[in-house]
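As structure tokens, the structure follows; a few thoughts come after it.
The values are calculated or read from the model by the stated rules, or taken from the named source; none is laboratory data. These numbers were taken from a predicted model, which means no experiment stands behind them. Methodologically, a virtual Cβ is constructed for each residue, glycine included, from the backbone with ideal geometry; neighbour enumeration extends over all protein chains shown. Just the protein is used for accessible areas: all its heavy atoms, side chains included, with ligands, DNA and RNA removed. Shrake-Rupley method; radii C 1.70, N 1.55, O 1.52, S 1.80 Å.
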Amino acid sequence: DAGVTQSPTHLIKTRGQQVTLRCSPKSGHDTVSWYQQALGQGPQFIFQYYEEEERQRGNFPDRFSGHQFPNYSSELNVNALLLGDSALYLCASSLAPNPTQYFGPGTRLTVL
Amino acid sequence: KQEVTQIPAALSVPEGENLVLNCSFTDSAIYNLQWFRQDPGKGLTSLLLIQSSQREQTSGRLNASLDKSSGRSTLYIAASQPGDSATYLCAARFRAGNNRKLIWGLGTSLAVNP
């Protein structure tokens, strides 16, 4: 039974570029949440997707957008990258309405 | 404002010691609280989830308690081992507002020395 997977594991971009991160939820899960974790900080909630729609959003600018596909996988897109976007991006999946989330290994994004 | 605080930020103990990690939250109207483990540069592993109707949960050498009235949760680790070295984060969901969003503490970095 595959757990939550994320790709790529590491990514280096320059300021102003755009990036797409991918997440496949745990088998049987239908809800995907994205978090940003800066070094030495706790995860910050970006948004959550369920039934291909954004259900809830944290305090992130519109540069951060997402998508959920019919197979429940999800993408996180960040436009016009800033140095401050450098972080570990975590994806978590769950099966509604159970709130227990399972986390992927994360994607380490470095913006130069 | 709903906040989650973890103290201490870092802890170093000798192998075999029993230890307690603390998590406090500002809103007693909690929906549930979850403890996670994070190894350096890695993702999060869920350890224990306590619903608001529960007082504690146990898994192996781990025991988590929840006291809504005092706004506190503790994670007890028995007979600590070097493999327990990691950052431990607690996160809470609250009934007020949207209870699907986790509010995170900053974590306690634990080092268990052989």
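Restricted to Cα atoms, region B:9-114 shows a radius of gyration and a Dmax of 13.6, 45 angstrom. Taken along the Cα-to-beta-carbon direction at a fixed 7 Å, the label points for B:A9 and B:T58 span 3.5 nm.
Annotation for region B:60-88 versus region B:3-41: alpha-carbon center distance of 7 Å.
Using 0.36 nm per residue of separation minus the Cα-Cα distance, give me the extension gain between A:L83 and A:R57 in nm, one decimal. Walk me through the intermediate numbers first.
Values: separation 26, 0.36 × 26 = 9.36 nm, distance 2.19 nm.
My answer for the length gained is 7.2 nm.
Relative intensity of the protein assembly as shown on a log10 scale, I(q)/I(0) at q = 0.10, 0.17 Å⁻¹, equals -0.45, -1.24, per a Debye sum over C-alpha point scatterers of equal strength in the absence of solvent. With a sphere of radius 13 Å drawn around the Cβ of B:P82, what net charge do the other residues whose Cβ falls strictly inside it have (Lys, Arg +1; Asp, Glu -1)? Once all neighbours under 13 Å are counted, the net charge is -4. Counting, for every residue in A:100-112, the Cβ atoms of other protein chains within 10 Å of its Cβ and taking the mean gives 3.
Over all other residues within a Cβ to Cβ distance under 9 Å of A:N79, the charged ones net out to 0, with Lys and Arg as +1 and Asp and Glu as -1. Spacing of the modelled spin labels on A:Q41 and A:H67, each 7 Å from Cα toward Cβ, amounts to 2.7 nm. Taking every alpha-carbon pair under 8 Å whose residues sit at least 6 apart, chain A reaches a relative contact order of 37 percent.
Other residues lying with their Cβ under 11 Å from the Cβ of B:R95 contribute a combined charge of +1, Lys and Arg counting +1, Asp and Glu -1. Hull volume per residue, based on the alpha-carbon atoms of region B:26-84 and their convex hull, is 97 Å³.
The residues of the protein assembly as shown expose on average 47 square angstrom of accessible surface per residue, using a 1.4 Å probe on protein heavy atoms. Derived value for chain A: Kirkwood hydrodynamic radius 13.8 Å. Basis is the mean of 1/r over every pair of different alpha-carbon atoms. Here region A:1-45 is treated as a Stokes sphere of Kirkwood radius computed over C-alpha pairs; at 4 °C and 1.567 mPa s its diffusion coefficient rounds to 102 µm²/s. Residues within the reach of a label modelled at A:T100 (point 7 angstrom out along Cα to beta-carbon, backbone nitrogen below 17 Å), restricted to region B:51-76, are B:51-65. Report note on the peptides B:19-27, A:26-34: ranked by the mean count of other C-beta atoms within 10 Å, highest first, their order is A:26-34, B:19-27.
Quick check on region B:50-109: what does the Kirkwood estimate of hydrodynamic radius come out to from the alpha carbon pairs, in Å? Working shown, then result.
On the way: mean 1/r = 0.0768 Å⁻¹.
The answer is 13.0 Å.
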